[in-house]
Amino acid sequence: MNATAPSIEALANQEYKWGFVTEIEADTIPKGLNEDVIRMISAKKNEPEFMLEWRLKSYRQWLKMEEPQWPNVHYPRIDYQDIIYYSAPATKVGPKSLDEVDPELLRTYEKLGIPLKEQELLAGIAVDIVFDSVSVATTFKAKLAELGIIFCSFSEAVQEHPELIQKYLGSVVPHSDNFFAALNAAVFSDGSFCYVPKGVRCPMELSTYFRINAKDTGQFERTLIIADEGAYVSYLEGCTAPMRDNNQLHAAVVELVALDNAQIKYSTVQNWYPGDKQGKGGIYNFVTKRGKCLGDNSKISWTQVETGSAITWKYPSCILIGDNSVGEFYSVALTNNYQQADTGTKMIHIGKNTRSTIVSKGISAGHGQNTYRGMVKILKSAAGARNYSQCDSLLLGDQCGAHTFPYLEVKNTSSQVEHEASTSKIGEDQIFYCRQRGISSEDAVSMIVHGFCKEVFRELPMEFAVEAQKLLGISLEGSVG
Amino acid sequence: MTGIEPIRQDAARRVAELGFPTTRDEDWRFTNVSRIARTHFSAAPSDLSAWGEGQLEQRLVPYEGSPRLVFINGCYSPELSSLKLARGIRATSLREANGAVEAHLARYAVYQDRAFVALNTANFEDGACIEIPKGTVVEEPIHLVFLASGGDVPVISHPRNLVVIGPHSQATVVESYIGHGANYFTNAVTEIVAGDHSVVDHYKLQEEDERSFHVATLQVQLGRETNFSTHSISLGGGLVRNDINAVLAEGTEATVNGLYLPSGSQHVDNHTVIDHARPHGASHELYKGILSGASAAVFNGKIVVRPGAQKTDAKQTNKNLVLSENATINTKPELQIHADDVRCTHGATIGQLDEEAIFYLQSRGIGKEQARDLLTYAFARDIIDRIKVEPLRARLGKIVLERLHANRN
């Protein structure tokens, strides 16, 4: 606690500190969406024919679909013709080295505390940077290549490894999966791609940093991670955006594929601009994330810390196909002011002896509405499947709400499913105990909240865990009465 | 019943607008009523011709001696009913009540978005009407028995009951649904209004024929500091859906328990909504299910804590024991909480008998089959033991044992 307490205090009067805008020349296409726009995006990226066809197929599917109304979130209808679907910093396509990257961009990331210069890297994290719609830089590429690991931007992968893209793109989240996934498939501009070959354990954390900068744009990126037999990779994702009065849409798709004995660990610290105290502005974060444990004994683990976004709507899921495969989901979702979150997971058990664990912690403060929605589905073939779910909610203040909608669907009798949930507030006796020992009530609350989230934080890689704790401290600022 | 005529007309309009729910409706996701929607039902005849000699008497034995109201396919049968109640207590059919309780009738069960409630409201013929005045304690349980029968032509009945308990009063009401024959549909609605400081125990025992449809809604409006309990036991019916909606006031304590034992191809769906509208309420909910054969069970328990309903204490548990390979269970315990100073927990489990417990019994010389029966029985007994009406409790214990034997053979 000693390490974080001063930082919370220091940040006490600070608001969203990543809310600045970078003045940079951008290559932006006009607002609106039609087949020509999709052709234009595809042409800009110099994509092979199969990609364009896939995009158009998705677009036609999207036209037939309706925006989902079932999430427990409320927002005015989005005008999809009022969004810019492509915006990129106007530099040369695919900078060869960091020297070619616009210095203004580098300064942005310095401000955000993201080390782009490899020599300055502390823990040795390879970073792929996505600015508005495109990936601007990827670090440590050469070192990873020695091991046969492919880590690059999505557009680069389309150019250089089309066979992998063609094989795996849309194999986990099909283009027709849902409204936002179809939209993403039609217009996605870039993202990260990672392939870890057979038996390789990725020596460093891979990371993508997403930044929305341009006004009126939507960000649509796509991440695809493939861990071949026996491979291991840990992947981090971070996000920020400037403060603006209008809402911006972020509709991403993440696909993970784990083959026999492979392991993927995917961590997210999501801190999009959440809107101001009156609930004005902020990012709509409508994301589809899904992992497929294709091989036997494979494992996919999702860890997420959701503190930003005006509205969060996402369900990182695991499809457990291989026998003995394992799915995990650890989540902390915090909603303050007028933020809304409808998040959770889906665990689909198909293979024998598959196991899944769900730990979800929701914290609501101010007028925040926090919903956990999860599904555990055990199919007939999943003999001996096991699931344990726990979702706890903490309420700070009497205007907020916490909701849980767990679905348990079991079609196999040799399986065991358990679900537990609780909702409570911080006890006055707990606060009193801390105060009695000279801890201010604000620190006491932050200490109790951190304790509440500990189970999830310890799943995060170390650097991220520190970051996440700080974030939680700031987001809770002012909600303690 | 002229005063509620506009309500009935409005309900009829809603029936036409709503149509039958489909699995695309969130509340009906796992229960497909297309078999009901496809069938053309005609009004059921109110005679006993479908029942064989002695068959009916045998089914009514458990209700001998205590006050009872008997309905045949939704119509009141004074011959089979026996009423020996103290003065001042009204226990009649709705028709006989002749509008005396119109202030309450059809005022609580919302039909605007519930097709089956609308269907009942628009079409009901008769039902029980119980009114207990202020400060009265009714010691004996009042039995409401609904006999239904089907045959070659699909028939439908809409029992509609109203129970009004005055302030500071106490009563026990037992609803029993007994059916015989194929192709019939019982679509019941019961409204209970409990006055301040009253104590109300409600039981519903459903023993419909396994070739029938049974849809029932229980709407409970509870006053301040009332103590309410309901136990819903589902034994029969081919396609069963129970909706329980309880609205709590300040300091209300509500217990909502249930037991379902589907086998064969039965489908049992229990939906409960406990609405903590005011502060200081407490609710306890325990639903248990034992599934065998190719049966399916659905449980959806929703707890709503309204803004300002501080100091609410809500607990909800759903436990399922799956005995066969082909059974399906869908459970969804929901919490919707809009107040901060509350304690709400819910839990759901789906599992099998504990192998170690079976081994323990075996090591003490009890056969494996017997050990399994014993543990299954104990699982159900947990609910049965909470029933306060002694004859009902004894009878249920017997039925569950018989079921276990039947399943084994």
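Of all residues in the range A:435-447, those satisfying the criterion of being without any contact (Cβ under 8 Å) to a residue 24 or more places away in the chain and surrounded by 17 or more Cβ atoms within 10 Å (Cβ to Cβ) are A:Ile439, A:Ala444.
Condition check ((1) in a strand (DSSP E or B); (2) surrounded by 24 or more Cβ atoms within 10 Å (Cβ to Cβ); (3) in contact (Cβ under 8 Å) with a residue 40 or more places away in the chain) across all residues:
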position	(1), (2), (3)
A:Pro274	no, yes, yes
A:Asp296	no, no, yes
A:Cys318	yes, yes, no
A:Gly327	yes, yes, no
A:Ile348	yes, no, no
A:Lys361	yes, yes, yes
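When the range A:382-398 is filtered for residues that are more than 8 Å from chain B (Cβ to nearest Cβ) and touching an Asp or Glu at 6+ places or on another chain (Cβ under 6 Å), the ones remaining, listed by number, are A:Tyr388, A:Gln390. The sole residue among B:Ala118, B:Ala128 that is within 26 Å of B:Arg38 (Cα to Cα), touching a helix residue (DSSP H, G or I) at 6+ places or on another chain (Cβ under 9 Å), in contact (Cβ under 8 Å) with a residue 40 or more places away in the chain and crowded, with 21+ Cβ neighbours inside 10 Å is B:Ala118. For the range A:140-177, a tally of residues being over 22 Å from the mean Cα position of the chain (by Cα) and closer than 19 Å to A:Gln61 by Cβ returns 1. Scanning the range B:303-313 for residues that are buried (at least 23 other Cβ atoms within 10 Å of the Cβ) and within 9 Å of chain A (Cβ to nearest Cβ) returns a single hit, B:Val305.
Residues that are within 25 Å of A:Arg386 (Cα to Cα) and touching a Cys at 6+ places or on another chain (Cβ under 8 Å) do occur in the range B:335-342.
Examine the range B:379-391 for a residue that is outside any loop (DSSP other than H, G, I, E, B) and either within 14 Å of chain A (Cβ to nearest Cβ) or of a type in the set (Val, Ile, Thr) (or both), and state whether such a residue exists. Checking the range B:379-391: at least one residue is outside any loop (DSSP other than H, G, I, E, B) and either within 14 Å of chain A (Cβ to nearest Cβ) or of a type in the set (Val, Ile, Thr) (or both).
Under the condition of being at pLDDT 90 or above and surrounded by fewer than 24 Cβ atoms within 10 Å (Cβ to Cβ), the residues counted in the range A:226-256 number 5. Meeting the requirement of 2 or more residues that are of a type outside the set (S, T, N, Q) and modelled with pLDDT under 90, the strands (runs of 3 or more DSSP E) wholly within the range B:297-352 are B:328-337, B:343-351. Considering each residue of the range B:329-342 in turn, at least one proves to be under 16 Å from B:Asn257 (Cα atoms), of a type in the set (Ser, Thr, Tyr) and either at the interface with chain A (Cβ under 8 Å from one of its Cβ atoms) or over 22 Å from the mean Cα position of the chain (by Cα) (or both). Applying the criterion of being of a type in the set (A, V, I, L, M, F, W, C) and surrounded by 14 or more Cβ atoms within 10 Å (Cβ to Cβ) to the residues of the range B:346-372, the residue that is farthest from the other protein chains (Cβ to nearest Cβ) is B:Ile366. The residues listed here are B:Ala43, B:Ala11; of these, the one that is in contact (Cβ under 8 Å) with a residue 12 or more places away in the chain, surrounded by fewer than 18 Cβ atoms within 10 Å (Cβ to Cβ) and assigned by TED's automatic domain parsing to the domain that holds B:Asn183 is B:Ala43.
Number of residues in the range B:117-149 that are touching a Ser or Thr at 6+ places or on another chain (Cβ under 6 Å), assigned to a loop (DSSP other than H, G, I, E, B) and within 30 Å of B:Ala16 (Cα to Cα) equals 1.
Do we have A:Gly308 as at pLDDT below 90 and of a type outside the set (D, E, K, R) here? Criteria met by A:Gly308. A Cβ distance below 7 Å, combined with a sequence gap of six or more or placement on separate chains, defines the contacts here; from the range A:399-428, residues that are facing chain B (nearest Cβ under 7 Å) reach residues that are surrounded by fewer than 24 Cβ atoms within 10 Å (Cβ to Cβ) and of a type in the set (Phe, Trp, Tyr) in the pairs A:Glu418/A:Tyr388.
The values are calculated or read from the model by the stated rules, or taken from the named source; none is laboratory data. These numbers come from a predicted model, not from an experiment. We place every Cβ from the backbone using ideal geometry, glycine too, and count neighbours over all the protein chains shown.
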